[in-house]
Each structure stands twice: as structure tokens, then as C-alpha cells.
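**Q** The structure's right below; bear with me while I get my questions together.
The values are calculated or read from the model by the stated rules, or taken from the named source; none is laboratory data. The model shown is predicted, which means the values in this text are computed figures rather than measured ones. Cβ placement follows ideal geometry from the backbone for every residue including glycine, while neighbour counts extend to all protein chains displayed. We work out accessible area using only protein heavy atoms, side chains counted, and drop any ligands, DNA or RNA first. Shrake-Rupley method; radii C 1.70, N 1.55, O 1.52, S 1.80 Å.
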Amino acid sequence: MSKPIFDCSDIDQYLGKPMQPARMREPIHNNDIRRWAQGMHYANRLHYDADYAAEGRWGKLVAPQSFAVTMDDGHGAGPACVGAIPNSHLLFGGDEWWFYGPRIVGGDVVHNERIPFDYVVKDTKFAGPTCFQRGDNNYYNQNGELISKQRSTAIRYLAEAGREKTSDETMEGTEDPEWSDTELKELEERKFQWIQMIHDLEHGKRYWDDVNVGDALPERVFGPHSIASFTTEWRAYLFTIWGGTHRRTDLDLAALGFVDEMAGHENDPVMERINPEFTDGAYFGPSRGHLFPRWARFIGMPRAYGYGASMGAWILDYLAGWAGEWGMVVHSVASYRGPAFTGDITVMTGTIVDKFVDEEGREVVQIDCKMANQLGTILATAKAEVALPKK
């Protein structure tokens with residue numbers, strides 16, 4: 001029996017051509033920002049405590065730098081998922097971000113310009129022939145200011161390859177690990193240490209002069225993850241709210257090559273008016289693999305798993321939380337090697353590997369970041385440049 005052909009040639013016609021933009025229907029509200037900070041487990045009072053934020057640099061609540069991704073109706077994957085690849089599945093593979101200075105605040109109207117960028121086909125152990133496809137998202141505010149640019153990577157592979165990994169007889173790791181009450185208490189203490197770092201800095205400045213190559217950032221711990229925590233994350237994305245977005249009319253998941261079980265009507269503006277439960281990604285369509293173990297196994301995952309875009313947000317929040325309100329992540333490139341699974345924890349660590357003045361005259365540190373589970377398995381790596389104030 002011959003194997004299906006992995007044909008990516010349909011992508012070529014879309015490269016470099018702007019797609020329909022993503023647009024929110026109403027201006028950003030402070031509660032949208034709060035919901036995002038809460039969903040991403042980012043306990044930084046600048047983003048949810050109005051009284052505290054009023055005493056700081058901006059005099060009001062501001063969104064985390066990671067918040068820009070909520071302006072896209074596909075958490076950044078839209079321009080990295082164009083062109084038909086018959087009988088395929090998709091995973092989120094990574095993000096590169098550039099930030100230009102403007103912050104998102106309540107009342108802003110943000111839109112996303114989307115342009116497919118490129119793709120390459122490689123042979124992988126996971127799925128054989130695999131397409132690594134990239135697309136750009138340019139986020140602008142109502143004044144036409146460029147807030148940030150996101151270059152996303154989608155991983156597209158044959159559905160048959162995913163099914164070969166998921167027979168009940170051969171798949172390992174389908175059950176959540178167990179944590180004792182003592183272990184859970186210890187985890188909460190570990191998690192609070194990173195939050196305490198933010199409290200200790202408060203509105204102060206972390207000076208470039210005071211940090212050195214080789215310095216380690218405090219660890220940040222998430223979890224144990226659960227279907228409940230992943231659902232909370234998903235609902236923090238504004239596009240998952242019924243009627244909250246001007247939906248694309250050029251999106252056809254079946255035409256992209258998704259198999260019937262993972263196509264459906266996610267982000268379909270017509271179906272949203274008929275039966276919105278088919279469209280918001282939680283119950284039907286390609287995103288349901290995150291929240292339903294059955295559908296996770298269908299695409300090659302042993303159990304319910306987290307969102308790549310959330311992992312990207314965790315990285316940006318980790319760096320920005322350490323930098324403080326007077327610092328800024330100016331660039332970050334992250335590669336996602338594996339998802340966060342239910343029952344696991346995620347441990348983030350970072351190390352300063354360089355320190356310099358960049359071409360724009362900013363005092364910058366370069367940080368290597370790693371994300372691993374409780375077994376030390378690497379889930380993601382990132383390298384970022386963070387601008388800090390100088391004395």
C-alpha cells in the first residue's frame with residue numbers, strides 16, 4: 001500500500017501576500033487585560049491591580065507584552081497556516097517577537113496585519129516529512145503605531161503519521177502523574193518565590209549596571225497543569241469569546257487539508273450566528289485536542305496538552321516580570337519542542353549570556369531561557385534581548 005503524498009506546493013501562491021486582517025469588535029477593556037494575566041498565571045499587579053498600577057510608570061493598568069497575541073483570531077498561527085496540505089494535522093512550533101515600544105492599554109483598538117512568510121519541508125522522527133511554515137503578524141494600535149511583530153511557526157504533518165503514534169497498545173504516558181499533598185504544598189512555595197521577586201522590585205528599576213553575564217534568573221514554576229487550567233488559558237484569548245471578533249471569511253479548515261474530525265467550523269463567522277459552540281475552539285475543531293484526551297491522542301499526543309501560544313506568553317512574561325516596568329523585552333525567538341501535558345509541571349529558568357549596547361543605543365542583556373517538566377524534559381528554548389535602564 002502506497003503512502004500518502006506530502007504535497008506543500010499550494011502554499012507558494014500565498015507567500016508575501018497580505019491576508020484578511022484580524023480585528024476586535026470593541027476597544028480593549030481593563031478586564032480583558034486582567035483576564036489575560038489571570039489566564040497566563042502572571043501575578044504582576046501592574047496588569048490587574050488598578051490602584052497599584054496608578055502609582056507606577058504608566059499611571060494606569062497596562063497589558064503584558066504577551067497580550068498582543070490575543071488580537072489574532074488564531075493565536076498567531078493564521079499566516080503560518082495557509083495553503084492546502086491534504087490529510088494533515090497542525091501543531092504550533094515557535095514564535096519570534098520584536099517589540100517597538102508602545103504598550104497596550106484599556107481603550108486601545110488593535111488590529112493585526114498578517115502576511116505568510118516562508119516554509120521548508122524536513123524529515124522528522126515524529127511524523128516523517130514535516131512542513132515548518134512561518135507567517136508574520138504585525139500588531140498596530142489605533143494611532144497606526146507598530147506595537148510588535150510576531151513571526152510564528154506552524155508544524156504541519158500527515159494525519160496518518162499522527163495516528164501511527166497513537167494506538168492504545170503502544171502509546172506511553174497516557175495517565176497523569178500523581179502528586180502528594182506535601183509535594184503540592186512545596187510546589188506552591190516554589191511558585192511564590194518568583195511572585196515575591198516581582199513584589200520585591202515593585203515600581204523600582206532593575207539596572208543594566210547591576211546585572212552580569214552568568215547571572216541566573218529566579219525559576220518560575222507552573223502547574224500541575226490540568227484540563228481546567230488549559231481551559232482557563234483558552235478563554236483568556238479574546239477571539240474565543242462569541243461575537244468578539246470580526247471573523248475571517250477566507251478560512252476553510254477542510255480546504256487547508258485538515259481531516260474531517262479536526263476541521264469543523266472553528267472561527268466560522270456564519271456558523272457563529274447559528275451555533276457558536278461549534279466555532280470557539282473549545283468543543284469542536286482542531287483546538288479541541290488540547291482539552292479532550294481522545295482528540296489529543298488522535299493527533300499524536302498521549303493526553304490533553306497546553307497551547308503553544310501560551311508557552312510563548314509564559315516566556316515573554318517571565319522575562320518582562322524580571323525586567324520590571326522600566327525594562328522591556330525587545331526581541332525573543334522561541335522554539336517549542338513539546339507541549340505541557342496535564343499532570344505535569346513546567347519549570348522556567350534563564351541565564352544572562354551577554355550584555356551590550358545595541359544599534360539603537362539601548363542597554364541590553366541577552367538571556368537564554370529553558371522550559372522543562374518535572375523530569376527535566378525540555379519543552380521549549382528561547383533566546384531574548386531585554387532592555388534595562390542605566391544608572
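**Q** How would you classify segment 251-291 from its alpha-carbon gyration tensor, with a ≥ b ≥ c the square roots of the eigenvalues: rounded for a/c under 1.5, else prolate if a/b is greater than b/c, otherwise oblate?
**A** It is oblate, given that a/c is not under 1.5 and a/b is not larger than b/c.
**Q** Now a separate question. Just how far, in whole angstrom, is segment 133-153 from segment 2-67 if you go by their alpha carbon centroids?
**A** Measuring centre to centre over Cα atoms gives 10 Å.
**Q** What do you get for Rg/Rh of segment 221-328 when both radii come from the Cα atoms and Rh is the Kirkwood radius?
**A** Rg/Rh: 1.03.
**Q** Segment 83-158: D in µm²/s via Stokes-Einstein (Kirkwood Rh, Cα pairs, 37 °C, 0.692 mPa s)?
**A** 234
**Q** Which order do the peptides 175-185, 100-110 take when ranked by the mean count of other beta-carbon atoms within 10 Å per residue, highest first?
**A** Ranked by mean Cβ neighbours within 10 Å, highest first: 100-110, 175-185.
**Q** Let me ask another. Say the cut-off is 23 Å between C-alpha atoms; which of Lys149/Lys391; Lys185/Lys205; Lys149/Lys383; Lys17/Lys149 go over it?
**A** Lys149/Lys391; Lys185/Lys205
**Q** Any chance you could look up the accessible area of Arg297 with a 1.4 Å probe, heavy atoms only, rounded to 10 Å²?
**A** Roughly 70 Å² of Arg297 is accessible to a 1.4 Å probe.
**Q** Another question about this same structure. Using a Gaussian network for the chain with springs between C-alpha atoms less than 10 Å apart, which of these wobbles most: Ala50, Ala63, Ala320?
**A** Ala50
**Q** Same structure, new question: Give me the Å³ per residue figure for the convex hull around the C-alpha atoms of segment 22-178.
**A** Convex hull volume per residue, Cα atoms: 151 Å³.
**Q** Setting aside same-chain residues fewer than 8 positions from Lys122, which aspartates and glutamates have a Cα under 16 Å from its Cα?
**A** List returned: Asp7.
**Q** Let me ask another. Can you give the helix-only mean residue ellipticity at 222 nm for the chain, where every DSSP H stretch with n ≥ 4 adds -39500 (n - 2.57) and the sum goes over all residues, rounded to the nearest 500 deg cm²/dmol?
**A** Computed mean residue ellipticity for the chain: -6000 deg cm²/dmol.
**Q** Of Val213, Val347, Val365, which has the largest mean-square fluctuation in a 10 Å C-alpha GNM of the chain?
**A** Between Val213, Val347, Val365, it is Val213 that shows the largest mean-square fluctuation.
**Q** On a 0 to 90° scale, report how tilted helix 308-323 is relative to the longest principal axis of the chain, with both axes built from alpha carbons and the result rounded to the nearest 10.
**A** So the helix axis and the longest Cα principal axis differ by about 10 degrees.
**Q** What is segment 1-42 by shape, rounded, prolate or oblate, if you read a ≥ b ≥ c off the alpha carbon gyration tensor as root eigenvalues and call it rounded for a/c under 1.5, prolate for a/b larger than b/c, and oblate otherwise?
**A** oblate
**Q** At a 10 angstrom cut-off on C-beta neighbours, averaged per residue, how do the peptides 197-204, 231-238 rank from highest to lowest?
**A** Top to bottom by mean Cβ count within 10 Å: 231-238, 197-204.
**Q** Over the chain, give the accessible area per residue in Å² for a 1.4 Å probe, as an integer.
**A** Normalised by residue count, the accessible surface of the chain is 43 Å².
**Q** A follow-up question, please. By its C-alpha gyration tensor, with a ≥ b ≥ c as the square roots of the eigenvalues, how is segment 272-312 shaped: rounded for a/c under 1.5, else prolate for a/b larger than b/c, else oblate?
**A** In terms of gyration-tensor shape, oblate.
**Q** Using a 1.4 angstrom probe and counting only protein chains, how large is the accessible area of Ser335 in Å², to 10?
**A** The value for Ser335 is about 50 Å².
**Q** While we're on this one: Over the chain, with a Gaussian network built from C-alpha contacts below 10 Å, which listed residue (Phe126, Phe292, Phe117) shows the highest mean-square fluctuation?
**A** Among Phe126, Phe292, Phe117, the largest GNM mean-square fluctuation belongs to Phe126.
**Q** How do Asp260, Asp118, Asp7 rank by accessible surface area computed with a 1.4 Å probe, from largest to smallest?
**A** The ranking, largest first, comes out as Asp260, Asp7, Asp118.
**Q** Given the protein chains as shown and a 1.4 Å probe, how many square angstrom of Arg35 are accessible, to the nearest 10?
**A** Arg35 has an accessible surface of roughly 90 Å² with all protein chains in place.
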